[in-house]
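Undergrad: Sharing a structure here in structure tokens format.
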Amino acid sequence: MKKYIFEDIILQNALNFTREVIEIFGDLLNEGMDITRLVARIKEITDKLGSEVIEAIIEELDRIIKEDKRRKEKWIVERKDKKRLTTILGDIEYERTYYKSRQDGRYTYLVDDALEIGRHDRIEKGVKIKLVENAIEESYERSSKKACPEELSKQTVLNAIREIGEVEVKREIKEKKEVKVLYIEADEDHVPLQEGGDETPRLVYIHEGREERNGRNVLKNVYYKAYVGEKAEDIWIDVANYIEENYKEEKIEKIYIAGDGAPWIKEGLEWIVKSRFVLDRYHLNKYVLKATSKEPKYRDKIWRAINEGDKEELKKVFNELIKVTKEEREKEKVKEAKRYILNNWEGVEIYSKDKDVIGCSAEGHISHVFSSRLSRNPLGWSREGLKLMAKLRVFSKNGGDLREIEWGKKENINEGSYKLTKKQIKEAVRRIKTSTNEKINNITVLNMGKVTPIYRVLRAIKYAQVI
């Protein structure tokens with residue numbers, strides 16, 4: 001324990017904080033200070049105050065446990081040890097008591113157990129959450145600089161991501177939904193690996209069509225899934241399980257699987273009942289443009305055949321285009337576009353035959369969900385890091401909250417080894433409130449009647465309600 005008792009520490013910290021605020025105010029008047037510097041200075045001293053108060057609270061809790069009669073019956077005092085812990089306010093260092101169990105000889109720090117601090121924890125959960133939340137949107141390096149005042153490494157960020165593991169938002173299902181039409185869209189990204197080559201994380205999302213929200217068309221009840229390294233059949237079995245868990249399958253009349261026609265996407269037709277393939281218009285347009293880059297007058301003819309679902313007319317137009325194309329390289333582009341569209345004709349023709357088809361936005365989603373974080377910058381990923389980040393990206397898009405999930409198992413925490421009684425809590429709060437108020441009442445500045453900044457702060461402390 002420090003030489004001050006808990007109430008003295010809290011009061012002294014409050015006084016120090018007040019003096020520093022007045023000092024900052026003086027600097028502002030004398031030297032000038034913009035709002036950014038002012039906020040930074042205030043944040044620095046509030047973080048410092050918060051850290052000191054946390055240290056005092058933990059040590060006071062440790063003292064209460066040590067003096068408790070119930071503790072003395074079950075646990076023997078061994079020694080005092082210091083612990084350093086990085087929090088969102090900065091590093092804290094506190095002393096706590098080490099105990100041995102009278103019953104089974106176990107050793108533990110009861111105050112750490114009560115606060116769910118692991119024996120080997122060096123960083124508290126709040127910092128880890130901030131590290132991971134930041135890393136979902138930006139690089140490990142930037143994330144490490146924003147989570148707390150202390151300097152952390154990129155490896156610390158990766159360790160936090162590994163600790164959280166593969167996460168997924170599990171929707172609470174009270175009753176399966178009834179829909180007539182369901183939509184599945186799929187695409188993949190190409191991400192460079194540290195070891196060379198690349199990996200193709202795959203994105204699949206399920207929704208119920210489009211709806212207008214705040215003047216924008218958005219996907220209705222969309223749910224994202226990320227896959228890295230899984231076989232196509234495993235992906236679609238997982239998607240089929242999601243549909244079975246969330247929807248009354250007997251009520252579904254049609255399911256559209258939309259994408260660029262890649263074999264792994266089309267394999268979904270074998271696993272998803274009542275499914276039909278839809279070729280996304282982005283890739284369709286890409287190949288039409290590619291085929292007509294030198295002969296743009298054929299563009300309207302191709303689109304007319306596509307929009308009317310006239311396969312024979314489309315073949316006729318392409319054959320004519322091949323004949324008039326002189327350069328062999330351009331001729332090959334036309335043939336490639338023809339093969340692509342005809343090989344995916346079922347997914348092209350469906351636009352003209354089925355009014356429920358709404359197209360596909362997979363290209364935009366793969367860019368927004370994956371590419372903006374995984375492949376747009378010149379960096380290489382480990383396979384493990386890529387998989388974890390892909391899962392985190394869809395976890396975030398699905399509205400997941402890292403504070404609500406089960407993290408890695410805490411080591412060396414004796415859950416339930418000590419718990420304060422309601423009587424102890426009330427007595428501790430009453431004693432601290434009474435003692436602190438007495439000390440504040442004896443402060444000269446509060447009895448002078450002169451209204452100064454320090455007077456206002458201390459008066460606020462005096463009349464604050466301790467909960």
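None of the figures in this text is laboratory data; all of them are computed from the coordinates on show. Here the structure is a predicted model, which means the values were calculated and not measured. A quick note on method: Cβ atoms are made from the backbone with ideal geometry, for glycine too, and the neighbour counts reach across all protein chains shown.
Undergrad: How high is the relative contact order of the chain, in percent, with contacts defined as C-alpha pairs under 8 Å that are six or more residues apart? Show your work: numbers first, answer last.
TA: On the way: 619 pairs, mean separation 78.7, N = 467.
In percent, rounded to a whole number, it is 17.
Undergrad: Subtracting the Cα-Cα distance from 0.36 nm times the residue separation, let me have the gained length for ASN285 to ASN16 in nm, one decimal. Write down the numbers at each step before the final one.
TA: Values: separation 269, 0.36 × 269 = 96.84 nm, distance 6.76 nm.
Extra length available between ASN285 and ASN16 comes to 90.1 nm.
Undergrad: Return the FRET efficiency for the residue pair ASP47, LEU379: r is the Cβ-Cβ distance, R0 is 51 Å, and the value is rounded to the nearest 0.05.
TA: Efficiency for this residue pair is about 0.95.
Undergrad: Would you mind putting 40-53, 17-30, 135-148, 208-221 in packing order, based on average other-beta-carbon counts within 10 Å, highest first? All intermediate terms of the calculation are to be shown ahead of the outcome.
TA: Values: 40-53: 15.8, 17-30: 14.2, 135-148: 17.4, 208-221: 12.0.
Result, highest mean Cβ count within 10 Å first: 135-148, 40-53, 17-30, 208-221.
Undergrad: Hey, can you rank 368-376, 332-340, 237-245 by average C-beta count inside 10 Å, highest first? Display every interim value, and only then the final one.
TA: Values: 368-376: 18.9, 332-340: 17.2, 237-245: 15.0.
By packing density, highest mean first, the sequence is 368-376, 332-340, 237-245.
Undergrad: Sorting VAL357, VAL77 on the 10 Å Cβ count, fewest up front, what's the list? Walk me through the intermediate numbers first.
TA: On the way: VAL357 18, VAL77 12.
So the residues, fewest neighbours to most, are VAL77, VAL357.
Undergrad: May I ask for the angle, rounded to the nearest 10°, between helix 232-246 and the longest principal axis of the chain, with both axes built from Cα atoms and the value confined to 0 to 90°?
TA: With both axes taken from Cα atoms, the answer is about 70 degrees.
Undergrad: How much length is gained if the chain between VAL181 and GLU195 is pulled fully straight, taking 0.36 nm per residue apart and subtracting their Cα-Cα distance, in nm to one decimal?
TA: Details: separation 14, 0.36 × 14 = 5.04 nm, distance 4.31 nm.
Residue separation times 0.36 nm, minus the Cα-Cα distance, leaves 0.7 nm.
Undergrad: Follow-up question, since we're still on this one. Residue separation times 0.36 nm, minus the C-alpha to C-alpha distance between SER352 and VAL324: what's the value? If you can, show how the numbers build up before the last one.
TA: Numbers: separation 28, 0.36 × 28 = 10.08 nm, distance 2.87 nm.
Length difference between fully extended and current span is 7.2 nm.
Undergrad: I need the phi-derived Karplus couplings for the stretch 260-275: 6.51 cos²θ - 1.76 cosθ + 1.60, θ = phi - 60°, integer Hz, Gly and Pro marked x.
TA: The phi angles translate into 8, x, 4, x, 5, 6, 5, 4, x, 5, 7, 10, 9, 5, 6, 8 Hz.
Undergrad: Right, here's the next one. Suppose the Debye formula is applied to equal point scatterers at every Cα of the stretch 190-262; what is log10 I(q)/I(0) at q = 0.12, 0.17, 0.22, 0.25 Å⁻¹?
TA: -0.47, -0.82, -1.12, -1.27
Undergrad: If the stretch 181-403 were replaced by its equivalent ellipsoid, with semi-axes equal to the square roots of 5 times the Cα gyration tensor eigenvalues, what would those be, largest first, whole Å? The partial results should precede the final answer.
TA: Working: eigenvalues 211, 110, 48 Å².
With the √(5λ) rule applied to the stretch 181-403, the semi-axes are 32, 23, 15 Å.
Undergrad: Using a 7 Å offset from the Cα along the Cα-to-Cβ direction at both LYS297 and TYR98, what is the distance between the two label points in nm, to one decimal?
TA: With each label placed 7 Å out from Cα toward Cβ, I get 9.0 nm.
Undergrad: Looking at this model, which pairs from LYS225/LYS311; LYS82/LYS128; LYS43/LYS125; LYS266/LYS397; LYS251/LYS353; LYS145/LYS387 are more than 32 angstrom apart at the alpha-carbon?
TA: Values: LYS225/LYS311 35 Å; LYS82/LYS128 22 Å; LYS43/LYS125 21 Å; LYS266/LYS397 25 Å; LYS251/LYS353 22 Å; LYS145/LYS387 23 Å.
Among LYS225/LYS311; LYS82/LYS128; LYS43/LYS125; LYS266/LYS397; LYS251/LYS353; LYS145/LYS387, the Cα-Cα distance tops 32 Å for LYS225/LYS311.
Undergrad: Can I ask one more? What value, in deg cm²/dmol to 500, does the helix sum -39500 (n - 2.57) over DSSP H runs of n ≥ 4 give at 222 nm once divided by the residues of the chain?
TA: On the way: 19 runs with 233 residues, N = 467.
-15500 deg cm²/dmol, from helical runs alone.
Undergrad: Beta carbons within 10 angstrom, averaged per residue: use that to sort the peptides 292-298, 79-85, 158-164, 177-183, highest first. Could the numbers behind the result be given before it?
TA: Values: 292-298: 14.7, 79-85: 12.1, 158-164: 19.0, 177-183: 16.9.
By packing density, highest mean first, the sequence is 158-164, 177-183, 292-298, 79-85.
Undergrad: Report, in degrees rounded to the nearest 10, the 0 to 90 angle that the Cα long axis of helix 281-291 makes with the longest principal axis of the chain.
TA: 50 degrees
Undergrad: In which sequence would ARG281, ARG106, ARG403 go, from the one with the fewest C-beta neighbours within 10 Å to the one with the most?
TA: Working: ARG281 17, ARG106 13, ARG403 10.
In order of increasing Cβ crowding within 10 Å: ARG403, ARG106, ARG281.
Undergrad: So how far apart, in nm, are the two label points at ASP8 and LYS145 if each is 7 Å from Cα heading toward Cβ?
TA: In this crude label model, ASP8 to LYS145 measures out at 4.3 nm.
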